[in-house]
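These notes are about the structure you will find just below.
The values are calculated or read from the model by the stated rules, or taken from the named source; none is laboratory data. Predicted, not measured: the structure shown is a model, and the values here were computed from it. Neighbour counts are summed over all protein chains in view; Cβ atoms, including those assigned to glycine, are modelled from backbone coordinates with ideal geometry. Note: accessible area is taken over every heavy atom of the protein model, side chains too, but ligands, DNA and RNA are not part of it. Shrake-Rupley method; radii C 1.70, N 1.55, O 1.52, S 1.80 Å.
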There are 2 protein chains.
Amino acid sequence: MSTSGLPFDDIRELLSNMPGPDETAVAAVRERDRFLTKPPGALGRLEEIAEWLAAWTGRPPAVTRPLVAVFAGNHGVTRQGVSPYPSDVTAQMVANFASGGAAINQICIANDLGLKVFDLALELPTGDITEEAALDERACAATMAFGMESIAGGTDLLCIGEMGIGNTTIAAAICHGLYGGNAEEWTGPGTGAQGEGLTRKIAAVERAVAHHKAHLGDPLELLRRLGGREIAAMAGAILAARMERIPVIVDGYVATAAAAVLHAANDTALDHCMIGHVSAEPGHIRLIEKLGKQPLLTLGMRLGEGTGAALAAGIVKAAAQCHTGMATFEQAGVSDKD
Amino acid sequence: MSTSGLPFDDIRELLSNMPGPDETAVAAVRERDRFLTKPPGALGRLEEIAEWLAAWTGRPPAVTRPLVAVFAGNHGVTRQGVSPYPSDVTAQMVANFASGGAAINQICIANDLGLKVFDLALELPTGDITEEAALDERACAATMAFGMESIAGGTDLLCIGEMGIGNTTIAAAICHGLYGGNAEEWTGPGTGAQGEGLTRKIAAVERAVAHHKAHLGDPLELLRRLGGREIAAMAGAILAARMERIPVIVDGYVATAAAAVLHAANDTALDHCMIGHVSAEPGHIRLIEKLGKQPLLTLGMRLGEGTGAALAAGIVKAAAQCHTGMATFEQAGVSDKD
């Protein structure tokens, strides 16, 4: 962080100086793929994934240190009765992650992925976005910087997930703030809001966006007003991964909303990101379309924690293994097409 | 095999005496699921998969010895110029499987799956189905029996795949024979037939079904006339898995066509089967709909070898791990809904 200037200055600087894809590495993947013992294109999206890994690492496709990073935060907006679960559950689930009892722990075991969980001042919920900014600029920038530091350099495939009671309300507010439409189309049940609970949630999203309306033109300003600590940290982590040439798999609605803030600031900012799984949360597919992405998996999940990204990481690992491990027609003594 | 009676008699007997799902095991999964540290339903299809494993094994969900079984055969119909690759490639690819150079080997490494490859008299292609039956009844029944023996007892999750130059033509003929419509809607590029090659392929499917038309009412008779050795072996393996309470993941168009023969004989015959991945081969999704199934993955692959099933097995393993490994609300000290 710079010690002078405005807190967001360093982040704006990064957002305008991101590295692009390594076209030489992509060309090498395409060239090798031509000789692998399969019909051209027969591995479908696995072939795209091999190219994507090469593009954003600058090396042949490989996944040797996959990491799931889960960021947890608490939200003042829960006082509006937007979630059927109490805010205490955020810290309780962080403890559950630590003791290995959550869904994400199991998927990390199944797919042999590392897991790091970062809890962000859970005892200090952000401001209630229906009435005030979630964070001031300094706190938002510092949390982004924390997210950047937390993952830098320690992985070659980063899965981004989150935990935070109330944060599908936050995601809906971010999307409504970024893309307009009405609050209802961005707001879903989250952990299970329905009936009056869902009505309160939609109303909270509507009031939040209306309250901050005059200040939403700048994506980072929108982030500090409508976001939250885990949202800011995820945005920082995704940006840091780009700078360090680490491909990213973004998890569900909340993680994708954090990513969308970067995309609003620079529409190439998510070129190193894939969406692992389209959530059953209805706003997610709408958001994914705004970002021009195609999710890898559709399994009806809506849990967060990085679970969708971690499942997708299994496919990505297999794609890398196919590209590097397969024999060529010549090596295998297999006849190519007539 | 019985030593008296007609060769298909034993298979018909099995098809009318298949075990059903274990409802007690399913109920136990549903009961435990209620207390796991997640909102109800939040793991989507992973929860369905946990129930499916319990239903067809009769035990709590677990995948400890997953196996990919790949069956390879050669087809007389290749003389009709239906594939851009020569028939020699079948044996060459079997050698490639043995030396670890194929895509399926890599996916088995990535997902920690066992792999067994069965080549079925590759030096003896089946009859050209445009003019004669692929197999006589005795050979067809013996090949089904081989398929039954080959996998019985050695796994708790069976992925069924195949290799055989010309066998998407066979799959198309089976589907056209079972479901009618026209040959064109069941016939796709396979390993890459296009233009005149695809026209020849469609014509071969049309001629084959027309030639055998009077004898296609009985699914096993259809199998011996329009099928092939790897098709018969896959049908046998799927049936044996049912008898031995082994859940099955069926791979792409060709493997699903083999499964469809069983379904035509008894419409509950595939209740223990899931379709791992919907192939880019256009007939596959149409066939899956006929079977009333919903594929787990859609990754644009069209390779066979069991690759789609093996990728899906990674998801199934994760589903079992989630169900058995997750803590309950009480164990984790997490508050349930307000």
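Applying 0.36 nm per residue to the separation of A:Ile109 and A:Leu6 and subtracting their alpha-carbon distance, the gain on full extension is 32.8 nm. Computed from the Cβ-Cβ distance with R0 of 51 Å, the FRET efficiency linking A:Ser335 to A:Thr268 stands at 0.75.
Taking the centroid of alpha carbons for each part, segment A:40-101 and segment A:303-338 are 21 Å apart. Once all protein chains are placed together, A:Ser87 keeps about 40 Å² accessible to a 1.4 angstrom probe. Shown are B:Glu185, A:Glu305, whose ranking by accessible area with a 1.4 Å probe and every protein chain present, most to least, is B:Glu185, A:Glu305. Phi angles across segment A:92-108 convert, under the Karplus curve 6.51 cos²θ - 1.76 cosθ + 1.60 with θ = phi - 60°, into 3J(HN,Hα) values of 5, 6, 4, 5, 5, 4, 5, 9, x, x, 8, 4, 5, 4, 5, 5, 5 Hz, Gly and Pro given as x. Of the residues B:Tyr179, B:Ala72, B:Val205, the one whose Cα sits farthest towards the positive end of the charge dipole of segment B:63-327 is B:Tyr179 (charges of +1 on Lys and Arg Cβ, -1 on Asp and Glu Cβ, taken about the Cα centre).
May I ask for the angle, rounded to the nearest 10°, between helix A:167-179 and the longest principal axis of chain A, with both axes built from Cα atoms and the value confined to 0 to 90°? It is inclined by approximately 80 degrees. Compute the acute angle (0 to 90°) between the alpha-carbon long axis of helix B:196-212 and the principal axis of greatest extent of the alpha-carbon atoms of chain B; round to the nearest 10°. Its long axis makes an angle of about 90 degrees. A Cβ-based charge dipole, computed about the Cα centre of segment B:97-139 with Lys and Arg at +1 and Asp and Glu at -1, lands at about 380 debye. Residues whose amide H comes within less than 5 Å of that of B:Val117, counting only those at least five positions distant or on another chain, are B:Val70 (H built at 1.01 Å from N in the peptide plane).
Residues in segment B:12-26 carry Karplus couplings, in order, of 4, 4, 4, 5, 9, 9, 8, x, x, x, 8, 5, 5, 5, 5 Hz; the curve used is 6.51 cos²θ - 1.76 cosθ + 1.60 with θ = phi - 60°, and Gly or Pro positions show x. Taking the axis that rotates chain B onto chain A, the chain B residue nearest to it by Cβ, with the distance rounded to whole Å, is B:Gly314, 2. Shown for segment B:63-327: lysine pairs separated by 8 or more places, or found on different chains, whose C-alpha atoms are under 22 Å apart, numbering 4. Rounded to the nearest 10 square angstrom, A:Trp52 shows an accessible area of 30 square angstrom against a 1.4 Å probe. If only the Cβ of Lys and Arg carry +1 and only the Cβ of Asp and Glu carry -1, the dipole of the protein assembly as shown around its Cα centre is close to 20 debye.
Both numbers refer to the Cα atoms of segment A:63-327; Rg and Dmax are 16.9, 61 Å.
Taking amide H positions as modeled 1.01 Å from N, with prolines and chain starts lacking one, the residues under 5 Å from B:Cys159 and 5 or more places away or on another chain are B:Leu67, B:Val68, B:Ala69, B:Ile249.
Rounded to the nearest whole Hz, the Karplus-based 3J(HN,Hα) values (6.51 cos²θ - 1.76 cosθ + 1.60, θ = phi - 60°) of segment B:266-272 follow the sequence 7, 6, 9, 5, 10, 5, 8, with x at glycine and proline. Each residue, A:Asp218 and A:Glu123, gets one label point 7 Å from its Cα in the Cβ direction; the gap between the two is 3.3 nm. Taking Cα atoms only, the orientation of helix A:45-57 departs from the longest principal axis of chain A by about 80 degrees. How high is the FRET efficiency from A:Arg245 to A:Asp88, r the C-beta distance, R0 30 Å, rounded to 0.05? E between A:Arg245 and A:Asp88, to the nearest 0.05, is 0.15. Sorted from nearest, the other copies put their B:Lys213 label points 7.0 nm away, the label point being 7 Å from Cα in the direction of Cβ.
Take the alpha carbon gyration tensor of segment B:193-288, find the square roots of its eigenvalues, order them as a ≥ b ≥ c, and report rounded if a/c is under 1.5; if not, report prolate when a/b exceeds b/c, else oblate. In terms of gyration-tensor shape, oblate. Looking at segment B:124-256, the pairs of alpha carbons with a distance over 23 Å make up 32% of the total. A simple charge model with +1 on the Cβ of Lys and Arg, -1 on the Cβ of Asp and Glu and nothing else charged puts the dipole of segment A:196-338 at about 560 debye relative to its Cα centre. Across segment B:28-151, the fraction of Cα-Cα pairs farther apart than 19 Å, rounded to a whole number, is 66%.
Distances from B:Gly154 to itself in the other copies, using label points 7 Å out along the Cα-Cβ axis, amount to 4.3 nm in increasing order. Which lysines does B:Lys38 reach when only Cα atoms under 17 Å apart count, and residues fewer than 8 places away in its own chain are ignored? The reachable lysines, counting only those whose Cα sits under 17 Å from B:Lys38, are B:Lys337.
Quick one: work out the % antiparallel among DSSP beta bridges in the protein assembly as shown, nearest 5. Roughly 5 percent of the DSSP beta bridges within the protein assembly as shown come out antiparallel.
Pairs of Cα atoms nearer than 8 Å and 6+ residues apart set the relative contact order; for chain A it is 25 percent. Count Lys and Arg as plus one, Asp and Glu as minus one, and take only other residues whose Cβ is under 15 Å from that of A:Asp128; the net charge is then +3. Protein heavy-atom accessible surface, 1.4 Å probe, per residue over the protein assembly as shown: 34 Å².
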